[in-house]
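**Q** Have a look at the structure that comes next, please.
The values are calculated or read from the model by the stated rules, or taken from the named source; none is laboratory data. What you see is a predicted model, and the numbers here were worked out from it, not measured in a lab. So basically every Cβ, Gly included, is an ideal-geometry build from the backbone, and we count neighbours across all protein chains shown.
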Amino acid sequence: MNSFTTSWGAFDLARFPEDPRDTLRAWDAADAYLLRHLAGDGDGGGDGEAEPTDLTGTVALVGDRWGALATALAGHATRPVQITDSFLTRQATRANLVRNGIEEAAAQLLSTRDTPPAPIDVLLIRVPKSLALLEDQLHRLAPGVHAGTVVVATGMVTEIHTSTLKLFERIIGPTRTSLAEKKARLIFCTPDPRLARTPSPWPHSYPLPDDIGAASGLTVTNHAGTFCAERLDIGTRFFLRNLPRTGPGHLRIVDLGCGNGVVGTAAALGNPSAELTFIDESYQAVASAEATFRANAPADARAEFLVGDGLSGVPAASADLVLNNPPFHTHQATTDATAWRMFTGSRAVLRPGGELWVIGNRHLGYHVKLRRLFGNCEVVTSDPKFVILRAVRT
């Protein structure tokens, strides 16, 4: 937990799930810069205006990382609407509101799959890592923006590129940036009602080649922001070529961190009697996985699609096989915390004799963690970059 000092006071904030050993903050200089601008504290972000922003109308807050912005704004805006692709962000926001004595109802929490509010009087955007997700969300939000809407985005200098500004220009209206402050920058956009409102070009679909095992020839659907939305990444390709041959004992298979769902879909096609569970903390990813599965699996194939915190929503000792390609970063920070939680969760949900199959970059050393947890781990196969590991619940 750390204290976030703003013009409206200090707030105790933490990421989710909270870990007292975690030294990563739940906010950064871009969050602080935006809030100073909204409060009129300073030079207005380099735009020559130091007046506070009127927050009495509908305030939409897009891409808030850990609820820092929603928590700070909850007492100064009329029930701000947070829009996020992250289940963990929603949980962090709820926890941070309560931690600071603010009712959960003080902010409305929506996902990127929900219908956005309209009209929008103040649109605040934390620039996401994915340009595609920004494009999709701007298209979805544009119909609610009017000539008087205040549009301000924020991000670290390394997150804002010419392509970022061009998206705002093309979809919302004329755009300019502030001076950099503590390596953060603001984006100011003036809505242009004359711009034609067009639907989002997402989702995208593409066919897979015929040389990747059970996934050969599948059509993959990707909503904006899903990992490798334009083409199959080499790690997933390697995993698909080496999936376990499931037998009658593999009745429940979990695609953990499912992304677009191609791994779980391939496993389902290889074992028609299996019941699949697709899990990701990204709403966009789970929507992609369901679209991929429905487009390729038989009508009677059984599957459920869960947005959640790893395997926390799966009953203990209920799975026969978990397939996992864990992320090793969160936003700009490199960390193995997510992988560790996925591994410990897998051990809990596997039945005795159940197997966890993991693919990862060779240098990450996942075999050490798996041996510590499971008491065993073997290399199924490897190439110069990736390794596929198998651990069995004894």
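**Q** Do you know which residues across the range 68-113 are in a helix (DSSP H, G or I), crowded, with 22+ Cβ neighbours inside 10 Å and either of a type outside the set (A, V, I, L, M) or under 20 Å from the mean Cα position of the chain (by Cα) (or both)?
**A** The answer is Ala68, Leu69, Ala70, Thr71, Thr89, Arg90, Ala92, Thr93, Asn96.
**Q** While we're looking at this one, here's another question. Being under 18 Å from the mean Cα position of the chain (by Cα) and part of a loop (DSSP other than H, G, I, E, B) is the filter here, so list the residues in the range 116-127 that pass it.
**A** Hits for the range 116-127 are Pro116, Val127.
**Q** Next question. Among the residues of the range 213-260, how many are over 30 Å from Thr344 (Cβ atoms) and buried (at least 20 other Cβ atoms within 10 Å of the Cβ)?
**A** Here the count works out to 3.
**Q** Mind checking which residues of the range 243-290 are part of a loop (DSSP other than H, G, I, E, B) and modelled with pLDDT of 95 or more?
**A** So in the range 243-290, the residues part of a loop (DSSP other than H, G, I, E, B) come out as 243-251, 257-261, 271-274, 281.
Passing the criteria: Gly257, Cys258, Gly259, Asn260, Gly261, Glu281.
**Q** Sticking with this one: Yes or no: the range 207-217 includes at least one residue that is under 22 Å from the mean Cα position of the chain (by Cα) and not in a loop (DSSP other than H, G, I, E, B).
**A** No, that holds for no residue.
**Q** Now a separate question. Under the condition of being of a type outside the set (A, V, I, L, M) and part of a helix (DSSP H, G or I), which residue from the range 168-196 is surrounded by the most Cβ atoms within 10 Å (Cβ to Cβ)?
**A** Taking the range 168-196 and keeping what is of a type outside the set (A, V, I, L, M), we get 168-170, 173-178, 181-183, 185, 188-194.
Subset that is part of a helix (DSSP H, G or I): 168-170.
Numbers: Phe168: 23, Glu169: 15, Arg170: 14.
Looking at residues that are of a type outside the set (A, V, I, L, M) and part of a helix (DSSP H, G or I), I get Phe168.
**Q** Which one of Arg194, Arg185, Arg140, Arg170 is more than 25 Å from the chain's Cα centre (by Cα) and not polar (S, T, N, Q)? Working first, answer last.
**A** Values: Arg185 fails: more than 25 Å from the chain's Cα centre (by Cα); Arg140 fails: more than 25 Å from the chain's Cα centre (by Cα); Arg170 fails: more than 25 Å from the chain's Cα centre (by Cα).
The match here is Arg194.
**Q** Also: Quick one: count up the residues across the range 179-229 that are acidic (Asp, Glu) and within 30 Å of Asp31 (Cα to Cα). Steps first, answer last, please.
**A** Keep residues of the range 179-229 that are acidic (Asp, Glu), which gives 181, 192, 210-211.
Those still in the list that are within 30 Å of Asp31 (Cα to Cα) too: 181, 192.
Residues that pass the stated criteria total 2.
**Q** Same structure, new question: Assess whether Thr277 counts as being closer than 24 Å to Leu138 by Cα, among the hydroxyl-bearing types (Ser, Thr, Tyr), outside the structural domain of Leu88 (by TED's automatic domain parsing) and buried (at least 23 other Cβ atoms within 10 Å of the Cβ).
**A** Numbers: closer than 24 Å to Leu138 by Cα: no; among the hydroxyl-bearing types (Ser, Thr, Tyr): yes; outside the structural domain of Leu88 (by TED's automatic domain parsing): yes; buried (at least 23 other Cβ atoms within 10 Å of the Cβ): yes.
Here the answer is no, as Thr277 does not meet what is asked.
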